[in-house]
Amino acid sequence: QKYFDIDVNISLPDDIIDNTLSIKLNNKMKRLNISTNLKKLIFTTISTSHNINDAFERITRLNLKGEQNREVIKMILLLCSEEKCFNPFYKHLLEKLMSINKDHKYTYHYCIWDYMKVFNTYNDNELKKIHNISKLTAKLLVSEKISFPVLLPFKFEESDDKTLMFVVFVLDDYF
C-alpha cells in the first residue's frame, strides 16, 4: 500500500495539547504503529477533539483529497477497535462524515472487508476489537449510512470462527 508522507505540522495550540498529553499521544501512536505524518495528523486531530462536532470540523479543515481522505475512515476504525468498550463517538463522527462525502461509505465497506480477512489472526485478547467493529458496523447499518453489501465477502461455509463471530455480532445488534 502507498501512504502519503506529506509534510504537515501536527502540533496543536498549547491549550489543546500540553506536554503530558503529547507524550501520551506519542506513546499511543507508537503502540498502534502509526508512523506516517498523515496518520499522525488524523490521529491527533481526532484524539484531541472536544466532541463530535469539533472532530468533524477539524477533519474537514484538513482538506484531504482522494486517497488521503480514506485514511480518516481507517483511523476511525482503528481507534474504535482499540477502545475498551464500544464508544458511540465514532459512530456519530462517521455518520457526519458520510453525510457530506458518499465515498466514505465505500471506504468503510472496503476497510471492513480487509478486517474480515485478518480477524482469524486475532488472539483471544483482541476479541474486543471484533466486538467494537461489529457494533459500529451494526449501528451504521441501522442508521442506513452503510448497506448490507458490507458483509458481501462473508461465506458461511468457508469463514473462520472469528469472522463468523463478527457477522453474528453485527446481525444480532442490527436485529
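The values are calculated or read from the model by the stated rules, or taken from the named source; none is laboratory data. Since the model is a prediction, treat every value here as computed from it, not as a measurement. Quick reminder, even Gly has a Cβ in these numbers, built from the backbone with ideal geometry, and neighbours come from all protein chains shown. Surface areas here come from the heavy atoms of the whole protein model, side chains and all, with no ligands, DNA or RNA. Shrake-Rupley method; radii C 1.70, N 1.55, O 1.52, S 1.80 Å.
For this structure, a couple of remarks:
- Looking across the stretch 110-153, just one residue is among the basic types (Lys, Arg) and either over 17 Å from PHE86 (Cβ atoms) or in contact with a Gly (Cβ under 7 Å, 6 or more places away or on another chain) (or both), and that is LYS117.
- Of the residues in the stretch 136-144, at least one is touching a helix residue (DSSP H, G or I) at 6+ places or on another chain (Cβ under 9 Å), assigned to a loop (DSSP other than H, G, I, E, B) and polar (S, T, N, Q).
- Any hit, the stretch 93-100, residues being closer than 17 Å to GLN68 by Cβ, part of a helix (DSSP H, G or I) and of a type in the set (Ser, Thr, Tyr): no
- Looking only at the stretch 109-125, and only at residues there that are polar (S, T, N, Q) and free of Cβ contacts under 8 Å to residues at least 24 places away in the same chain, the one that is most open to solvent (accessible area, probe 1.4 Å): ASN125
- Some residue of the stretch 116-134 being closer than 24 Å to ASP54 by Cα, assigned to a helix (DSSP H, G or I), of a type in the set (Lys, Arg) and modelled with pLDDT of 95 or more: no
- Positions within the stretch 80-89 being part of a helix (DSSP H, G or I) and either out of contact with any helix residue (DSSP H, G or I) (no Cβ under 6 Å at 6 or more places or on another chain) or open to solvent by 20 Å² or more (accessible area, probe 1.4 Å) (or both), in sequence order: GLU82, PRO88, PHE89
- Checking each residue in the stretch 61-73 for being assigned to a helix (DSSP H, G or I), of a type in the set (D, E, K, R) and surrounded by fewer than 17 Cβ atoms within 10 Å (Cβ to Cβ) picks out ARG61, GLU67.
- Set side by side, the residues ILE59, ILE34, ILE6 differ, and just one is modelled with pLDDT under 85, out of contact with any Cys (no Cβ under 6 Å at 6 or more places or on another chain) and among the β-branched types (Val, Ile, Thr), which is ILE6.
- Residue pairs meeting the criteria (Cβ under 9 Å; at least 6 apart or on separate chains; first assigned to a loop (DSSP other than H, G, I, E, B), in the stretch 146-160; second among the basic types (Lys, Arg)): ILE146/LYS105; SER147/LYS105; PRO153/LYS117
- Test: residue in the stretch 14-30 that is buried (at least 17 other Cβ atoms within 10 Å of the Cβ), in contact with an Asp or Glu (Cβ under 6 Å, 6 or more places away or on another chain) and either modelled with pLDDT under 95 or in a helix (DSSP H, G or I) (or both): no
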